[in-house]
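Trainee: Before I ask anything, here is the structure I am working with.
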Amino acid sequence: MDFSQIVPALPALMEGMVVTLKLLVMAVLGGVVLGTFIALGRLSSNAFLSGLAKAYVNYFRSIPLLLVIIWFYLAVPMLLNWITGDFVPVGAFASCLVAFMMFEAAYYAEIVRAGIQAISRGQVNAAYALGMTYGQAMRLVILPQAFRKMLPLLLQQSIILFQDTSLVYAVGLMDFLNSARSRGDILGQPHEFLIFAGAVYFVISYCASYIVKRLQKRLVV
Amino acid sequence: MSAFLEFDQVSHAYSQQTVVDTMSFTLVEGEIGCLLGSSGCGKTTVLRCLAGFEPIRAGSIRLAGQTLSLPGHQVPAHARQIGMVFQDYALFPHLTVGDNVAFGLRRWSRAERLRRVASLLDLVGLAGLARSYPHELSGGQQQRVALARALAPRPRLLLLDEPFSNLDVDLRSRLSAEVRAILKQENTTAILVTHDQHEAFAMADRVGVMQAGRLLQWAAPYTLYHQPASRFVADFIGQGVFLPGVVTGPACIETEIGEFCGAVPVPFDVGQRVEVLLRPDDVQHDDASSRKAVVESKVFRGSEFHYTLALPSGRRVLAEVPSHHDHPVGEPIGIRLEMDHLIAFPAH
């Protein structure tokens, strides 16, 4: 084993890590926002809306993520072509981002739904009695409390997403893992580079989990 | 004075279960009303109908001339300008005391809002706690925050759902007097729901006794106590026993303790069999009286003794006797009736 080639490769690997983190952060933000709307839909008294949201969640939780990534890579350009009539180049990053957002939204939606349901009904009524509409009550009273309660769960789910971003390998996006793999192939040292990549994923995920556990304890008190 | 709140022939049901049954009452502006009843009698549902959380099945609810609820139509809760103090307070845990109180004042200018919050916190005796969070406060303090929060937007009507039930007895009686003073100072029309008669009497100008979704009587506390409209109300309000008797004159009834004539005529025919309500304060201890009853048990209350007395027939009456009249159990003592109102119901 010869790890001496890792250090000169670090700038390139760093670029890959930037792609991974950019994808992660944008997918988490988009996924949580979309997931929150899906959760509100599921909790709606409107049967159509709640049925639609339920179908969405069940659908995306029943298919493999890899399939979604590949499917969106093929479908998003086709869809845009169909809508605009033009051929718009989309690129692997954008299609992966959309895939992650929509896939993760199904998981975030379930977390958000549980979070909202954990807030007592009296809180909504108290907000109504003070002149708030449904939207204001959600935005100012329920969601702030619910997000505080579910922050550890959302972060835990995001750590899993951090590991899952490596699946973009399938559509050739140069994320951290893909950068490490290709560098290792070029230099004829695939083992060293993959071991290094694995160590980086482990350290980051482990530290993040530890921080989330600490946070969880603090939020309980 | 005309009615400010009109609760007119209102019914409400959860699926097939009727919870509120053609109930009517009115309230004048600035008055405090109270619905009194044991749990499950529908009193909280009445509040929820008023607040706009429940649709009504029949009747109408009007406030200041505006129709709030009709079957199939209702003004949404947030548009009613009706404040509510919840049993569990429902304070917003993620906001400070100041922000909780300011919550209903979002449309006010910043300066007015700050002034209103400060004056309300002052009014409820919590000035200086604006930056605390609800979980840092005691139960009584949380209760005051809930009151200040509900009063802040100057609601047209304030609803209080068992507001003191989570507090200990001492605090409860002190706060109920305080809250009444605050409501009167703000000239707020309010409706309180409770199962505690003392709380109802201490707080309210008008009290309604509810049973199984029906309002049995809606009257001033004094009237309710001294002129209950039905046997249930008489039983529910205060202590007392019923003694069989026969009507002997327009305002006179003969019982085994003797004949008693009230100041107000009783609505019965001479000779009719009735049951007379005897409150503990109606039965006086009198050594000179020839009517005797045997002390069966007694409770020392400090300022008085609460005696349970057995009459020669075996029936029991209650008597409140000044505490220096200490008689042992088993001793016959002289009694005499002393009543302002004669309360009787047909015998069944």
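Trainee: Residues that are more than 10 Å from chain A (Cβ to nearest Cβ) and crowded, with 22+ Cβ neighbours inside 10 Å: does segment B:65-80 have at least one?
Mentor: yes
Trainee: Does residue A:56 meet the test of being modelled with pLDDT of 95 or more, assigned to a helix (DSSP H, G or I) and touching a helix residue (DSSP H, G or I) at 6+ places or on another chain (Cβ under 8 Å)?
Mentor: yes
Trainee: Here is a list of conditions, (1) within 14 Å of chain A (Cβ to nearest Cβ); (2) without any contact (Cβ under 8 Å) to a residue 60 or more places away in the chain; (3) under 25 Å from the mean Cα position of the chain (by Cα), and residue B:56 meets all of them except one; can you say which number that is?
Mentor: The failed condition is (1).
Trainee: Now a separate question. Of the residues B:288, B:263, B:344, which is closer than 27 Å to residue B:207 by Cβ, surrounded by fewer than 16 Cβ atoms within 10 Å (Cβ to Cβ) and at pLDDT below 90?
Mentor: B:263
Trainee: In segment B:20-27, is there at least one residue being modelled with pLDDT under 95, crowded, with 18+ Cβ neighbours inside 10 Å, closer than 25 Å to residue B:195 by Cβ and of a type in the set (Val, Ile, Thr)?
Mentor: The answer is yes, given that some residue of segment B:20-27 is modelled with pLDDT under 95, crowded, with 18+ Cβ neighbours inside 10 Å, closer than 25 Å to residue B:195 by Cβ and of a type in the set (Val, Ile, Thr).
Trainee: May I pose another question? Output the residues belonging to segment B:103-132 that are among the aliphatic types (A, V, I, L, M) and surrounded by 14 or more Cβ atoms within 10 Å (Cβ to Cβ).
Mentor: Within segment B:103-132, B:105, B:114, B:117, B:118, B:120, B:121, B:123, B:124, B:126, B:129, B:130 qualify.
Trainee: Could you tell me whether residue B:91 is within 13 Å of another protein chain (Cβ to nearest Cβ), surrounded by 20 or more Cβ atoms within 10 Å (Cβ to Cβ), under 22 Å from residue B:7 (Cβ atoms) and modelled with pLDDT of 90 or more?
Mentor: For residue B:91, the condition - within 13 Å of another protein chain (Cβ to nearest Cβ), surrounded by 20 or more Cβ atoms within 10 Å (Cβ to Cβ), under 22 Å from residue B:7 (Cβ atoms) and modelled with pLDDT of 90 or more - is not met.
Trainee: Then there is this: Can you confirm whether segment A:19-40 contains a residue that is more than 16 Å from the chain's Cα centre (by Cα) and either within 19 Å of residue A:172 (Cβ to Cβ) or surrounded by 14 or more Cβ atoms within 10 Å (Cβ to Cβ) (or both)?
Mentor: Taking every residue of segment A:19-40 in turn, at least one turns out to be more than 16 Å from the chain's Cα centre (by Cα) and either within 19 Å of residue A:172 (Cβ to Cβ) or surrounded by 14 or more Cβ atoms within 10 Å (Cβ to Cβ) (or both).
Trainee: I'm trying to understand the selection: among the residues of segment B:1-19, which are surrounded by fewer than 21 Cβ atoms within 10 Å (Cβ to Cβ) and among the aliphatic types (A, V, I, L, M)?
Mentor: B:1, B:3, B:13
Trainee: Next question, about the same structure. I want to confirm something. Restricting to segment B:159-187 and keeping residues that are touching a residue at least 60 places away in the same chain (Cβ under 8 Å) and buried (at least 21 other Cβ atoms within 10 Å of the Cβ), which single residue is farthest from residue B:141 (Cα to Cα)?
Mentor: B:159
Trainee: Let me ask you something else. Considering segment B:47-83 alone, what residues qualify as being among the hydrophobic types (A, V, I, L, M, F, W, C) and not in a helix (DSSP H, G or I)?
Mentor: If the condition is that a residue be among the hydrophobic types (A, V, I, L, M, F, W, C) and not in a helix (DSSP H, G or I), then B:53, B:56, B:58, B:61, B:63, B:64, B:68, B:70, B:75, B:82 are the ones that fit.
Trainee: Among the strands (runs of 3 or more DSSP E) lying completely within segment B:248-342, list those that include at least 3 residues that are within 23 Å of residue B:230 (Cα to Cα), in contact with a helix residue (DSSP H, G or I) (Cβ under 9 Å, 6 or more places away or on another chain) and not β-branched (Val, Ile, Thr).
Mentor: The strands (runs of 3 or more DSSP E) meeting that bar number zero.
Trainee: Now a separate question. Residues B:249, B:258, B:245: which one is free of Cβ contacts under 8 Å to residues at least 24 places away in the same chain, closer than 27 Å to residue B:290 by Cβ and either among the small types (Gly, Ala, Ser) or in the same structural domain as residue B:38 (by TED's automatic domain parsing) (or both)?
Mentor: Answer to the check: B:249.
Trainee: Restricting attention to segment B:30-46, does a residue exist that is within 14 Å of chain A (Cβ to nearest Cβ), crowded, with 19+ Cβ neighbours inside 10 Å and farther than 22 Å from residue B:144 by Cβ?
Mentor: Checked segment B:30-46: at least one residue is within 14 Å of chain A (Cβ to nearest Cβ), crowded, with 19+ Cβ neighbours inside 10 Å and farther than 22 Å from residue B:144 by Cβ.
The values are calculated or read from the model by the stated rules, or taken from the named source; none is laboratory data. Bear in mind the structure is a predicted one, so any value in this text is a computation, not a measurement. We place every Cβ from the backbone using ideal geometry, glycine too, and count neighbours over all the protein chains shown.
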